[in-house]
Amino acid sequence: MSDIFPGEYAAAETGIFWDIEQCEIPDELNAGEVVQRVRSVISDAGHHGTVSMSAYGDMTGLDFPSEGIKLNHFPAGHTYARHTKMLEDIVSWSAEHPEPSTLLLILGDTSDDFVQVVKLLKSRKNYHVILVHPSDVFGSD
């Protein structure tokens, strides 16, 4: 994941949006370790700006840190509601954060809705969009 924050994006604000239903926490890690690993990976990739993180899915039994992440609980199987909330939050976040900014999406399945929103943001604003596969962050060790 080297050079994923080119030029001005290294210090730009980054919003991370994570679908924990499609990109589950590996059995060998807990939620706090995954959050720390995500932050470490983007730091190692050269990012040194402000980061906000939101997670979406069934939070039952997960031990997330009390700070630094916005949790959005959706019972298992509520894919449409979860994705709708993620899209709303992505659009809202992009409206509240100045250009240049980075959107980092940890998603399993990129529906047409996500593709359309990303294309719209990239065409209208100076946003750097990164789609991350879970193995890039969570590892396979």
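The values are calculated or read from the model by the stated rules, or taken from the named source; none is laboratory data. Model, not experiment: these values are computed from the prediction. Neighbour counts run over all protein chains shown; Cβ positions are idealised from the backbone, glycine included.
Here are a few things to note about the model shown:
- Within region 50-75, considering residues that are among the small types (Gly, Ala, Ser) and modelled with pLDDT of 85 or more, the one farthest from the chain's Cα centre (by Cα): Gly61
- Exclusive hit being over 13 Å from the mean Cα position of the chain (by Cα) and either at positive phi or among the acidic types (Asp, Glu) (or both), set Glu13, Glu8: Glu8
- Some residue of region 105-126 being surrounded by 13 or more Cβ atoms within 10 Å (Cβ to Cβ) and touching a Cys at 6+ places or on another chain (Cβ under 9 Å): yes
- Among the residues of region 5-20, the ones that are surrounded by 21 or more Cβ atoms within 10 Å (Cβ to Cβ) and modelled with pLDDT under 90 come to 1 in all.
- Looking only at residues of region 93-141 that are within 19 Å of Phe74 (Cα to Cα) and hydroxyl-bearing (Ser, Thr, Tyr), we find that the one that is modelled with the lowest pLDDT is Thr110.
- Entirely in region 1-108, the strands (runs of 3 or more DSSP E) that have 1 or more residues that are free of Cβ contacts under 8 Å to residues at least 60 places away in the same chain and of a type outside the set (Phe, Trp, Tyr): 51-57, 70-73
- Taken over region 33-49, residues that are over 14 Å from Thr14 (Cα atoms) and either under 15 Å from the mean Cα position of the chain (by Cα) or surrounded by 18 or more Cβ atoms within 10 Å (Cβ to Cβ) (or both) amount to 4.
- Considering the conditions (1) under 24 Å from Asn30 (Cα atoms); (2) surrounded by 19 or more Cβ atoms within 10 Å (Cβ to Cβ), Gly61 is excluded by exactly one of them, (2).
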